[in-house]
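What follows is one structure encoded as C-alpha cells, with my remarks underneath.
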Amino acid sequence: KRLEAEYSAKTSKSAEFFRRASRVLPGGTTYQVRFFKPYPIYVTKAKGVLVWDLDGNSYVDFWMGHGAHIMGHSPDFIIKAVNEATLNGTHLGYPNTLEVEYAELLTKVVPNAEMVRFSNSGTEANMYAVRLARAYTGRRYIIKIEGGWHGGYDALHVGVNPPFEGPESLGLPEEHIKYTLVVPYNDLNALEKALKTHDVAAVIIEPVLGSGGCIEPQPNYLRGVRELTSEYGSLLILDEVITGFRLALGGGQEYFNVKADIVTLGKIVGGGYPGAGAIVSNAEVMELLNQVKRPDAKSRSFHGGTFTGNIVTLTAGYTLVNYLSSNRGVYEQLNSLWDWARRRMNEVCETHDRLCWVTGVGSMIGIHFTRSKPVNVREAYQLRINEQLYDLMHLYMRINNILYMTEHMSHLLPSILHTREHAQKLIDSLDNMLSMI
Ligand code: PLP
C-alpha cells in the first residue's frame with residue numbers, strides 16, 4: 001500500500017493519461033505486455049540506458065524496446081545514418097542496393113546463412129519460416145517449446161502460458177493449431193517421442209527461452225535437439241529474434257555451437273527501428289522462394305509484404321550490424337558483466353532464504369521467485385513461492401527508477417551501454433526489496 005501510494009504520487013500524469021488511453025486503446029496500451037498494475041507509465045523520451053516518463057521521472061531501462069536496443073536507445077550514429085539515407089526515400093517499393101548489401105553482411109556474420117529475406121517483424125519471420133519448412137519437407141507438423149514465444153501467428157500461438165494447451169487467444173480456431181505439437185524445454189525424451197510419432201516439418205526453438213523466463217539450455221540440450229531433428233528429417237528453426245546479435249554476433253548458433261537449418265531474426269536486426277525481421281537459411285531451402293526459378297506460384301513458397309526491405313529499417317540494421325561486426329569485443333564485455341551480475345543476484349537470493357533464482361545467459365536475465373531453479377516454463381510457474389512477490393518487485397523497482405517487463409515473468413535485456421554501476425543498482429535494489437519481505 002505504501003509503495004502504491006509512492007508510485008501514484010510520482011506518476012500522477014501517467015495515471016491521468018492511462019484513463020484517457022483506455023478510451024481509445026484497449027487496455028490503455030498498444031500491446032498487452034506493456035501494461036503493469038495499477039497503470040503503466042507513459043514514456044516521452046528514451047536515450048542511452050534511460051527512459052523518461054510524462055511526469056519527468058527517469059528510469060534505468062532494462063527492457064530496451066523489447067530487447068531491440070543492444071546499443072541503448074537512439075544511438076546518434078544510427079539516427080544520423082537513417083536521416084541521411086531517407087533523404088532519398090523512406091520506402092522505395094522496388095529492389096534496392098541496400099537490401100543486397102545487408103543480405104551479404106548477414107550471410108557473413110550469421111553462421112550457416114547463405115540467403116536472406118527481410119520481413120517486417122519476428123512474428124512474420126517465424127510465420128514464413130514455418131511455411132518454408134513445410135514446403136521443403138512436404139510435412140505438416142511443427143514442434144514448439146512450452147513457454148516459447150514466437151509472436152502471435154496462429155500456428156505458433158499455443159503452449160505459451162499456463163495451462164499450456166489449446167489456443168492462446170479468443171478467435172483462434174483449434175484447427176489452426178492442429179498440426180502444432182508442444183513439448184517442454186530441456187526435455188529431449190519428450191521431443192524424440194513427438195518426432196517419432198508425427199511427420200514433423202520443423203522444430204522451432206529459442207536457444208535460450210526468452211519471454212518464458214530467460215531460462216538457459218542444459219548442457220548438451222541444443223546439441224541433442226540438433227541430432228534428433230537431423231535423425232528424423234525435420235528442419236531446425238532457431239528463433240534468434242532475441243538471441244541474434246545479443247549472445248554473440250552470430251547469435252545462439254555461435255554461442256552454443258549449434259547449427260540451425262533456418263534462423264529467424266528480429267529486434268536487433270532492425271537496428272532499433274521498427275519493422276525488423278529476417279529469415280536466413282541455406283540456398284537449397286531459400287530457393288523455394290525464388291520466383292525466377294519457380295515461376296509457377298504453386299511450386300514455390302510465398303514470402304513478401306509492402307514494407308519488406310524498406311530503407312529506414314535496413315539502414316538502421318545495416319549500420320548497427322556493421323558496427324558490431326567490427327567491434328566483436330563488445331560481446332565478451334556484455335556477457336561477462338551480466339554473467340557476473342547474475343552470480344551476484346543469486347548470492348543475494350541466497351542470503352534472503354533463497355526466495356529467488358536468477359536464470360539466463362549473458363545479457364538475458366530471468367528473475368524467479370521459485371523454490372528451486374526452474375529448467376522450463378512449467379517449473380517457473382509451478383515452483384512459485386508467492387505470485388505477489390513479482391508485483392512487489394516490479395513496483396519496488398519502478399519506485400527506485402528501474403524499469404523492465406513483464407511483471408509476472410520477469411525478464412531483463414540490458415544493452416552494451418549498461419555499466420557495472422547500472423548492474424550494481426539492480427543488484428542492490430533486489431537486495432533491498434528482499435529485505436522488506
Ligand atoms: N520470437 C521471439 C523469441 C520473441 O521474443 C518475439 C517477440 O518478443 C518474437 C519472436 C516476435 O517478434 P515481433 O514482436 O517482432 O513480431
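The values are calculated or read from the model by the stated rules, or taken from the named source; none is laboratory data. Here the structure is a predicted model, which means the values were calculated and not measured. Every residue, glycine as well, gets a Cβ built from its backbone with ideal geometry; the counts of neighbours run over all protein chains shown.
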Next item on the list: Under 7 Å between Cβ atoms, at least 6 apart or on separate chains: pull out the pairs that start in region 172-186 with a residue that is within 17 Å of residue 224 (Cβ to Cβ) and end on any residue that is among the acidic types (Asp, Glu) and at pLDDT 95 or above.
Entry: 183/146; 184/146; 185/146
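Okay, residues lined up against (1) free of Cβ contacts under 8 Å to residues at least 24 places away in the same chain; (2) of a type outside the set (A, V, I, L, M, F, W, C); (3) out of contact with any Leu (no Cβ under 6 Å at 6 or more places or on another chain):
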{"residue": "348", "(1), (2), (3)": "no, no, no"}
{"residue": "358", "(1), (2), (3)": "yes, no, yes"}
{"residue": "370", "(1), (2), (3)": "yes, yes, no"}
{"residue": "381", "(1), (2), (3)": "no, yes, yes"}
{"residue": "393", "(1), (2), (3)": "no, no, yes"}
{"residue": "408", "(1), (2), (3)": "yes, yes, yes"}
{"residue": "422", "(1), (2), (3)": "no, yes, yes"}
Next item on the list: Kindly indicate the residue of region 231-249 that is more than 18 Å from residue 322 (Cβ to Cβ) and small (Gly, Ala, Ser) and also farthest from the ligand (Cβ to nearest atom) among those meeting that condition.
Entry: 233
Margin query: Can you pull out every residue in region 379-410 that is buried (at least 19 other Cβ atoms within 10 Å of the Cβ) and among the basic types (Lys, Arg)?
Written below: 398
Next item on the list: Of the numbered conditions (1) surrounded by fewer than 21 Cβ atoms within 10 Å (Cβ to Cβ); (2) outside the structural domain of residue 206 (by TED's automatic domain parsing); (3) more than 16 Å from the ligand (Cβ to nearest atom), residue 35 fails exactly one; give the number of that condition.
Entry: (3)
Check: Can you tell which of 387, 379, 347 is within 30 Å of residue 429 (Cβ to Cβ) and at pLDDT below 95?
Finding: 387
Next item on the list: Given the conditions (1) surrounded by fewer than 21 Cβ atoms within 10 Å (Cβ to Cβ); (2) farther than 26 Å from residue 12 by Cβ; (3) not assigned by TED's automatic domain parsing to the domain that holds residue 316, report the number of the one that residue 99 does not fulfil.
Entry: (3)
Item checked: From 208, 160, 203, residue being over 26 Å from residue 367 (Cβ atoms), modelled with pLDDT of 95 or more and in contact with a Ser or Thr (Cβ under 9 Å, 6 or more places away or on another chain) -> 203
Item checked: Qualifying helices (runs of 4 or more DSSP H) (wholly inside region 20-128; at least 2 residues being over 23 Å from the mean Cα position of the chain (by Cα) and in contact (Cβ under 8 Å) with a residue 60 or more places away in the chain) -> 76-85, 97-109
Check: Of all residues in region 107-125 being over 17 Å from residue 274 (Cβ atoms) and of a type in the set (S, T, N, Q), which is nearest to the ligand (Cβ to nearest atom)?
Finding: 112
Item checked: Exclusive hit being within 13 Å of the ligand (Cβ to nearest atom) and touching a Phe, Trp or Tyr at 6+ places or on another chain (Cβ under 9 Å), set 210, 252, 271 -> 210
Check: Filter region 129-173 for residues that are in a loop (DSSP other than H, G, I, E, B) and aromatic (Phe, Trp, Tyr); which is nearest to the ligand (Cβ to nearest atom)?
Finding: 149
Check: Identify, please: which residue in region 197-207 is surrounded by fewer than 24 Cβ atoms within 10 Å (Cβ to Cβ) and part of a loop (DSSP other than H, G, I, E, B) and is, among those, nearest to the ligand (Cβ to nearest atom)?
Finding: 198
Next item on the list: Give the number of residues within region 274-287 that are surrounded by fewer than 24 Cβ atoms within 10 Å (Cβ to Cβ) and either within 11 Å of the ligand (Cβ to nearest atom) or charged (D, E, K, R) (or both).
Entry: 4
Margin query: With the requirement that a residue be of a type in the set (S, T, N, Q) and either surrounded by fewer than 21 Cβ atoms within 10 Å (Cβ to Cβ) or assigned to a helix (DSSP H, G or I) (or both), what does region 411-437 give you?
Written below: 419, 424, 429, 432, 435
Check: Can you name the number of the only condition in (1) under 21 Å from residue 358 (Cα atoms); (2) touching a Phe, Trp or Tyr at 6+ places or on another chain (Cβ under 9 Å); (3) among the charged types (D, E, K, R) that residue 216 fails?
Finding: (2)
Checklist line | Output for region 58-70, where each listed residue is touching a strand residue (DSSP E or B) at 6+ places or on another chain (Cβ under 9 Å) and surrounded by 16 or more Cβ atoms within 10 Å (Cβ to Cβ) | finding: 59, 60, 61, 62, 63, 64, 65, 66, 67, 68, 69
